[in-house]
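Accompanying notes for the structure given below.
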Amino acid sequence: MRAQPQASHFVNGDWMEDEAGAVIEVYSPATGRICAELHEATPAVIDAALASAQAAQRDWARLRPVERGRILRRAADLIREYGDSLAALETLDTGKPIQETRVADWPSGADALEYFAGLAPTVTGETVPLGQDFAYTLREPLGVCVGLGAWNYPSQIACWKAAPALAMGNALVFKPSEVTPLGALQLAEILIEAGLPPGLFNVVQGRGQVGAALVQDPRVAKVSLTGSVPTGRKVYAMAAEGVRHVTMELGGKSPLIVFDDADLESAVGAAMLGNFYSAGQVCSNGTRVFVQSGIKEAFLARLAERSAVIVLGDPMDPDTQMGPLVSAAQHAKVTGYIETAKAEGARLVCGGDAPDLEGWFVAPTVFADVTDDMTIAQEEVFGPVMAVLDFETEDEAVTRANATQFGLAAGVFTRDITRAHRVIAALEAGTCWINAYNLTPVEAPFGGSKLSGVGRENGRAAIEHYSQIKTVYVGMGPVDSPY
Ligand code: NDP
C-alpha cells in the first residue's frame, strides 16, 4: 500500500515541495517496504514555515478564545469522522495494530483538541489590589512555537502540542520524526478544513538538523520536544541560547511495584499493558516490574500464560494485538537488548525470539530474576521486553525504584490504600498510577521529573507552558517623585 502525500510539507495553509531536500524513505514496518518518499525541508521551506507562522499569529491571538476554541472543536469532530482512514494511515506508518490506532492514537488527539478548545475561554488573569492603585495580569501567547515529535505516537504527539499551543493563541511549526512523518500532514489538512487560518499550523519534514534549525531561529519563542534524553539535552541547550521556553517530554525506565496483596489479574494485565502495548514503544512503560516475593511465582505463571496467546500479525487485521517494531534499527536495538539480558543471566520466561513473520516483529518477552545492575534494568529498551525484579520490603522497593536518573512514571498495585499513597508519595516520578497503568487522559497533566523532562502536557498545567503572564500596574493618583 502506498501512502504518498501530495507533498512533503504543509506550509501557510497549503502543500509545499522542494525536491532539493534530501530524500526521506518512509517504510511500512509490517512489510519493510517503502510506502512513501518525502524530501527534507530546505532552508527555504523552514523560512517559509516560520515566516507564515509569525505573520498569522498576531491576528489569531486577537480572536476571542471562544472563537479559537470553536475551530479546534471542529477539528476534533473531523478527526472522529475520519477515524477509520486516519487509523489505517497511522497503522501503515507506525506498524501499530489497527485495534490500537482506532482507539488510542487519533482519538486521544481529538480529545486534546476538544479539551483545550473548552479550556481556552476559561483562562483569565487576576487583579491585585494595591491600596488606591491596583495591578492586573494578562495571560498572553508566547508567539511562534516549535514542536518536535518522536516516532511512537506521531499523530497524538502532534495534537497534544498543537491543541494547547493554538488554543492559547500561538502558531506552531511541527517537525515529525522522519521515521513516521505522515500523520502530522493529515492534521494540518484537517485544521484547515476546520477553519484554522493558514500559517498557524505548519508541518516541515526532516531529520535532526531540520529540528535544530527550527529551534535556533530567532523567531521562535518556545520549543516542545517529545524524544529521547540525549536529544533533549541538545535541544534544551540550543533553546537556552535564545532563552526560549521549553517543554521536554523525554524517556523513562519506570517502576511498577506489585505488592503481595495486589489483585493478581489486574496487576498482570497492567504489567502487560505497560510493556506490550504499541509493541512496548511507549515512553511511560513500566519496564521495571518489581514483584514482592510472596506473589512472584503466581504472577510469573499467569504472565507467561497470558503473554503466550498474544496475537501477532498483520497490523491491519482487527484481530492482531501486537504489530512489528517501527524500524529495522529499532528491531536490531531491541533484539540486541534481549541477547544482552540472556548473557547477563536474566531468566527468560517467554518470548525472546523473532516470530516467523515478514516485518520487524519481536515476540512479547518476559525476563525474571532481573537484578538492578543488568542492562535491561537500566536502559530504555523501547520494545516488548518486560523485566521482572523481586523485592521483599516496601522500603527496599521504593529505594530501588528511585535508583535511576529517569523520573517519568511509576505505578503501584496493592489493596492497602495507605500503603498505596505512602509509596506514591515517595516515588520520584512525574506521572503515577495506583492500581492502574499507562492511562493518560487529556484532563490529567502528563510529564516527567529528573532526566525525563521539564514541563507538562495535558491538563490545565499545559496552559502555563504555552502562555506567559503580563503584569500591568495601574496608577490611580499623582506620581510621587523625589526629583
Ligand atoms: P529522538 O530523540 O531521536 O527524536 C525526537 C525528535 O527530535 C525527532 O523529530 C528527531 O528527528 C528530532 N531531533 C533529533 N535530533 C535533533 C537535534 N539535534 N535538534 C533538533 N531536533 C532533533 O526520539 P525518537 O524519535 O527516537 O523517540 C523515542 C524516544 O522518545 C524515547 O526515548 C522515548 O522515551 C521518548 N518519548 C517520550 C515521550 C514522553 O512524553 N515523555 C513520549 C514518546 C516518546 P529525527 O527523528 O527525524 O532524527
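The values are calculated or read from the model by the stated rules, or taken from the named source; none is laboratory data. Please read these numbers as outputs of a predicted model, since none were measured by experiment. Note: ideal-geometry Cβ built from the backbone for every residue, glycine included; neighbour counts use all protein chains shown.
Summary table
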| read-out | value |
| --- | --- |
| Asn202, sole failed condition from (1) within 18 Å of Met16 (Cβ to Cβ); (2) assigned to a helix (DSSP H, G or I) | (2) |
| Single residue of region 343-360 satisfying the filter (farther than 20 Å from Gly286 by Cα and out of contact with any helix residue (DSSP H, G or I) (no Cβ under 8 Å at 6 or more places or on another chain)) that is surrounded by the fewest Cβ atoms within 10 Å (Cβ to Cβ) | Asp356 |
| Residues of region 7-26 classified as hydrophobic (A, V, I, L, M, F, W, C) and on the phi > 0 side of the Ramachandran plot, total | 0 |
| Residues of region 287-341 satisfying the condition of being of a type in the set (D, E, K, R) and in contact with a Phe, Trp or Tyr (Cβ under 8 Å, 6 or more places away or on another chain) | Lys333 |
| Top-ranked residue of region 254-309 - restricted to ones that are within 17 Å of the chain's Cα centre (by Cα) and among the aromatic types (Phe, Trp, Tyr), ranked as surrounded by the fewest Cβ atoms within 10 Å (Cβ to Cβ) | Tyr277 |
| Matching entry among Ala135, Ala167, Ala194 (being away from the ligand (no atom under 16 Å from the Cβ) and under 29 Å from Gly407 (Cα atoms)) | Ala167 |
| Considering residues of region 312-364 that are among the charged types (D, E, K, R) and in contact with a strand residue (DSSP E or B) (Cβ under 7 Å, 6 or more places away or on another chain) only, the residue nearest to Ala30 (Cα to Cα) | Lys342 |
| Single residue of Ala343, Ala354 found to be at pLDDT below 95 and farther than 24 Å from Ala301 by Cβ | Ala354 |
| Selected residue (only one of Ala158, Ala171, Ala194, Ala162 is closer than 18 Å to Asn12 by Cβ and in contact with a Pro (Cβ under 8 Å, 6 or more places away or on another chain)) | Ala158 |
| Subset tally (residues that are near the ligand (Cβ under 6 Å from one of its atoms) and basic (Lys, Arg)) for region 229-244 | 1 |
| Candidate set from region 288-317 (those that are farther than 25 Å from Asp356 by Cα and of a type in the set (S, T, N, Q)); member that is farthest from the ligand (Cβ to nearest atom) | Ser293 |
| Gly251, sole failed condition from (1) under 30 Å from Gln468 (Cα atoms); (2) surrounded by 23 or more Cβ atoms within 10 Å (Cβ to Cβ); (3) touching a strand residue (DSSP E or B) at 6+ places or on another chain (Cβ under 6 Å) | (3) |
| Conditions (1) in contact with a helix residue (DSSP H, G or I) (Cβ under 9 Å, 6 or more places away or on another chain); (2) near the ligand (Cβ under 8 Å from one of its atoms); (3) not in a strand (DSSP E or B): number failed by Gln209 | (1) |
| Meets criteria (buried (at least 17 other Cβ atoms within 10 Å of the Cβ), closer than 15 Å to Gly448 by Cα, within 8 Å of the ligand (Cβ to nearest atom) and among the hydroxyl-bearing types (Ser, Thr, Tyr)) for Thr226 | yes |
| Listing of strands (runs of 3 or more DSSP E) fully contained in region 370-483 that carry 1 or more residues being within 22 Å of Ala104 (Cα to Cα) | 385-391, 409-413, 431-434 |
| Residue pairs meeting the criteria (Cβ under 6 Å; at least 6 apart or on separate chains; first closer than 14 Å to Met168 by Cα, in region 443-466; second part of a strand (DSSP E or B) and not charged (D, E, K, R)) | Glu457/Phe446; Asn458/Phe446; His465/Thr247 |
| Yes/no for Leu214 being touching a residue at least 40 places away in the same chain (Cβ under 8 Å) and within 12 Å of the ligand (Cβ to nearest atom) | yes |
| Any hit, region 162-170, residues being surrounded by fewer than 24 Cβ atoms within 10 Å (Cβ to Cβ) and either assigned to a strand (DSSP E or B) or at positive phi (or both) | no |
